[in-house]
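Written below as structure tokens is the structure these notes are about.
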Amino acid sequence: MYTTRDHRPRGTGSVLRTTHRFSEASQLLATEDNVPSYNGDNGDNGYHGYNGYNGGAVEVAPVAAPSAVHRVCSWLLARLRAAFSAVGRVARKWQLLLACAGLLLMTSVERVTFKLSVDRLAEFRCLAAQMLVLMYLLICGVIVAFKICFTNDISRGMYHFPQWKLASIAVLDTIQLLLYFGAGAAVTPAQTVLLLQLQVPLVALFAGTKDWCSNISRNQILGSIGILASVFLAALGSLGSVASDEDDEAGVVYLYCVVLYVLAALPAAGSTVLKERAMVSFGKPMEPALMNSMLAAYQLLFALLFSPLALQLQSFLTPDESLDWSLLQETADNGVLCVLIGQNPISIDDDDENFRTACPGGVFILFAHAVAVLSLPLIATTVLSTGKIRHIYGMVVAATGLSVVILGLTLGEDSGILGSSLRPLELLALGMLLPSLLLYHSEPEHGIEIITQHERVLLDK
């Protein structure tokens with residue numbers, strides 16, 4: 001039985017809003033069709049929700065004021081929402097703090113483990129470079145297999161990425177990797193980080209278009225000049241070492257290593273820019289692990305093809321060492337025994353002063369370096385999702401200074417400042433480099449939009 005609130009029997013639910021909507025619908029239909037609406041019998045049949053065509057009003061009961069319990073519950077709900085919002089903000093701050101700490105740590109680990117690996121595996125650093133690429137391939141392959149089996153992150157369209165572009169990038173990556181490993185054993189620990197920064201202005205130069213001069217800012221120009229000056233100061237220290245070295249051959253080889261280490265920034269910067277342009281021209285989403293795995297496969301192939309040249313370069317950059325091609329098989333066997341198993345070759349006397357390699361633990365240092373390199377883009381993405389681009393660059397600059405200090409205090413000859421291996425010119429170069437990097441990264445880089453795999457984090461706002 002439909003009744004209004006005043007005539008509602010106890011236990012019957014009110015349908016006032018339903019009857020009111022029904023009456024409005026009846027009036028609308030009657031108006032459109034020019035048909036009189038049903039007005040009931042206006043009698044005492046208990047239906048007073050609609051008073052006919054003449055516009056009778058619906059009786060609406062007054063709304064009761066919210067009770068004290070309702071007000072308390074509303075207040076508690078508002079407080080809970082505010083508390084959860086505050087907890088979310090604190091959680092995001094902690095997430096940003098942890099991500100920045102992880103970026104600082106892994107960037108420092110990447111640069112320290114590089115010098116450790118080329119020093120410990122000096123006699124077999126060509127094989128160590130190939131082993132590092134193999135580790136890249138295995139790690140990325142496991143990630144790709146997991147995503148194919150359990151996620152939908154990898155689509156069929158991603159396999160259509162131009163293979164010739166991947167091969168071109170892999171060639172540049174292989175060249176810069178072999179140069180860094182070949183010359184990295186001779187340069188000082190601090191120079192391995194300081195000279196590496198030449199990539200920053202080179203990437204901006206290679207990525208520039210016709211209007212590059214109008215797009216680059218004043219801060220980036222001043223920062224690039226400061227970076228170039230710091231690299232020059234760091235390399236200038238090698239001239240003093242050559243002049244003071246009693247062994248002329250060793251001094252000249254050391255100078256060659258510094259020059260090649262600096263020149264390695266050219267293919268490294270070219271690879272970064274080529275990778276950027278390939279991603280932009282592809283125009284589709286690309287899974288980083290899949291791209292890195294394909295790059296690692298090509299890079300391993302080219303590293304094997306370039307092995308004769310790499311061995312010849314290693315022999316040229318090592319004083320008192322000549323490459324005997326007749327003993328190539330024995331050298332390869334000793335290298336596998338050293339790099340993979342971690343044992344010094346049986347044919348080598350552990351007391352031999354000319355044998356500089358410390359094989360135990362070398363493979364773990366290489367693995368730590370590979371993990372650090374591959375994890376940097378992921379950590380940088382986490383920082384960017386909770387913070388800003390300046391947090392990434394700030395951590396990268398801080399890691400540069402931290403890694404130089406760690407390498408100077410732990411590696412190299414204790415003939416520098418305060419018993420470390422840091423030279424005065426290297427310390428001066430570091431003091432000039434850090435503010436120059438901050439000045440350069442104070443504004444977004446033109447033409448750089450993605451996170452790359454090697455050596456640097458390249459992001460845009």
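The values are calculated or read from the model by the stated rules, or taken from the named source; none is laboratory data. What you are looking at is a predicted structure, and each value in this text was computed from that prediction instead of being measured. Methodologically, a virtual Cβ is constructed for each residue, glycine included, from the backbone with ideal geometry; neighbour enumeration extends over all protein chains shown. For the accessible areas, the whole protein counts, side chains as well, though only heavy atoms, and no ligand, DNA or RNA atoms are used. Shrake-Rupley method; radii C 1.70, N 1.55, O 1.52, S 1.80 Å.
For the listed peptides 76-82, 92-98, a ranking on the average number of other beta carbons within 10 Å per residue, highest first, reads 92-98, 76-82. Peptide packing: for 250-258, 375-383, the average count of neighbouring Cβ atoms within 10 Å per residue gives the ranking 375-383, 250-258, highest mean first. Over every Cα atom in segment 90-129, the radius of gyration and the widest Cα-Cα span, Dmax, amount to 15.8, 51 Å.
Note down the net charge around CYS100, summing +1 for each Lys or Arg and -1 for each Asp or Glu among other residues with Cβ under 13 Å from its Cβ. With Lys, Arg at +1 and Asp, Glu at -1, the net is +4. Surface listing: ASP153, ASP119 arranged by accessible area from highest to lowest gives ASP153, ASP119, probe 1.4 Å.
If you roll a 1.4 Å probe over the heavy atoms of the protein chains, what accessible area per residue do you get for segment 142-185, in Å²? That works out to 51 Å² per residue. The length gained on full extension between LEU105 and PHE161, counted as 0.36 nm times the residue separation minus their Cα-Cα distance, comes to 16.9 nm.
In whole angstrom, segment 116-239 maps to an equivalent ellipsoid with semi-axes of 32, 26, 12, each derived as √(5λ) from the alpha carbon gyration tensor and ordered largest first.
In this view, the solvent-accessible surface of MET131, computed with a 1.4 Å probe and all protein chains in place, comes to about 30 Å². For segment 59-156, the mean projected area of the C-alpha convex hull, equal to one quarter of the hull surface, is 14.8 nm². Estimated at the nearest 10 Å², the accessible area of SER217 is 20 Å² with a 1.4 Å probe. If you sort VAL404, VAL396 by accessible surface, 1.4 Å probe, largest first, the order is VAL396, VAL404.
Each peptide in 120-126, 142-148, 305-311 gets a packing score, the mean of other Cβ atoms within 10 Å over its residues, and the list from highest to lowest is 120-126, 305-311, 142-148.
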